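What follows is one structure encoded as structure tokens, with my remarks underneath.
The values are calculated or read from the model by the stated rules, or taken from the named source; none is laboratory data. No experiment lies behind these values; they were computed from the predicted model shown. Note that each Cβ is placed from the backbone with ideal geometry, even for glycine, and that neighbours are counted across all protein chains shown. All accessible areas refer to the heavy atoms of the entire protein, side chains included, with ligands and DNA or RNA removed. Shrake-Rupley method; radii C 1.70, N 1.55, O 1.52, S 1.80 Å.
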Amino acid sequence: MGSGAGASGGAWSRRRFVGALAGTAAATALPAPAPPRSSSPSSGHTPTTPETAAAAPEPSAKPSAQPSSQPSGPRPLYLGTYTTVEGGGTGIGLATYDPETGAITGTGTLTGIANPSYLALHPDGGTLYAVNEQDDGAVTAVRRSDRKILGSRSTGGAGPCHLAVHPTGRWLLSANYGSGSVAVHPIGDSGALGERTDLVKHSSPAAGPGQEGPHAHQFVTSPDGGHVLAVDLGTDTVYTYRLDERRGTLTEVSRAQTRPGAGPRHLTFHPGGRHAYLANEVDDTVAVCTYAPATGRLTIGEPQSTGSGSGTNYPAQILVAAGGGYAYLANRGDNTLARYAVEADGARLRLLDTVPVSGDFPRQIAFSPDGTLLFAANQKSGTVSVFHVNDKNGELRLAGKPFASPVAVCALPL
């Protein structure tokens, strides 16, 4: 359950023992890669750590918004892992993928970053951000052009497991799972992070059934950009905040509670901006939500099936294709990807089928930028599976043998 354990001890480890199991893939030394394409580099702070390179009826909407020209040649892929568990990686995995075939080629490792379990990219493409998921949580910035570590900043909490860049590119949002808090950091012109501007702990409502306290699992911006939303598994609540874009401070404006014990983990918005979909980890359900951009109010609908079988299952991440026609859910335990038709302009999900993920414990899923491929990071098997996404009906087809990546917990294709 939980997000996964990277650090030893701490109050957050009990809920996260499942994720602490190491993957079966071994770390492999790889040749140092050539620097990826990026925006013009700019000077950054002196690194705080050294950087080294080592070896059914179809919905009316289209499943994805295809660009006018398909990418050609290998594309960058970054891979998150845990560095403090048995069989874990040694840093952020570096790889490329073929946008036509989905084949992944490992190119190296960016070391010097502890437990980079979740990754995000600046809107200008020049800077990569990683959480340091440990008791003394932090976030780290890396300049992509030369892979220089631009420094780390404390998140003010334990076990940060998610981060996202505000659409303005000026603020980094992170969620501390272990301490149930959310943090905001300013982003400078170089992409480096400044000192934290706000930290809000979810002190109420009381923790849900079986929880010892709050567990912030996600912190994201609404499609309209007017609000930021924090999903807390421990309090069974989604909190809506208004972000002061000058000062980087948070003001709570609304709360939405699931049924007790649902354990909400991950929220994703329909491109229409009026609906969102919530994956509930603890009670193995998903829910359709309505969202009011003017007020930031989220209303959570009735729980629905994840398509999992009779065994134990922890749904992890849910995604919606760019065209709004289909949604996909990662089922950890059942080890499948569920496909839903998105109907009624986003107001309804209809389960179509599930497909084997060809791995164990799919922690995170992500689309390639053009929406033609879906990547699944399988934590326990230490693999990344790639699927072709059918542009007519949203069906998934496995693209060859999964790629070995130690304790794979995040895949970020660019």
Paired Rg and Dmax values of the stretch 242-324, which use every Cα atom, in angstrom: 14.4, 50
Debye equation applied to the C-alpha atoms of the stretch 345-414, log10 I(q)/I(0) at 0.21, 0.22 Å⁻¹: -0.89, -0.95
Computed label-point distance, nm, for sites SER154 and ARG247 using a 7 Å Cα→Cβ extension: 2.2
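For the ranges 373-381, 244-252, what's the packing order if you count other beta-carbon atoms within 10 Å of each residue, average per peptide, and put the highest first? Let's see the in-between values first.
Working: 373-381: 26.0, 244-252: 14.0.
Those peptides, ordered most packed to least, come out 373-381, 244-252.
Which value, in Å², gives the accessible area per residue of the stretch 86-156 when a 1.4 Å probe is used on the protein heavy atoms? Present the calculation step by step, with values, prior to reporting the outcome.
On the way: 1990 Å² over 71 residues.
Per residue, the stretch 86-156 has 28 Å² of solvent-accessible surface.
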Column: log10 I(q)/I(0), Debye, Cα scatterers of the stretch 203-341, q = 0.09, 0.19, 0.21 Å⁻¹: -0.25, -1.08, -1.27
Solvent-accessible area per residue, Å², over the stretch 161-223 with all protein chains present [probe radius 1.4 Å]: 31
Gain upon complete extension [ASN393, ARG350; 0.36 nm per residue less C-alpha separation]: 14.1 nm
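Expected output is a single nm value to one decimal: the length gained when fully extending between ALA294 and ARG259, i.e. 0.36 nm times separation in residues minus the C-alpha distance. What is it? Working shown, then result.
Numbers: separation 35, 0.36 × 35 = 12.60 nm, distance 2.50 nm.
My answer for the length gained is 10.1 nm.
By per-residue mean of other Cβ atoms within 10 Å, what is the highest-first order of 259-265, 158-164, 233-239? Working shown, then result.
Numbers: 259-265: 21.6, 158-164: 26.9, 233-239: 25.1.
Descending mean neighbour count gives 158-164, 233-239, 259-265.
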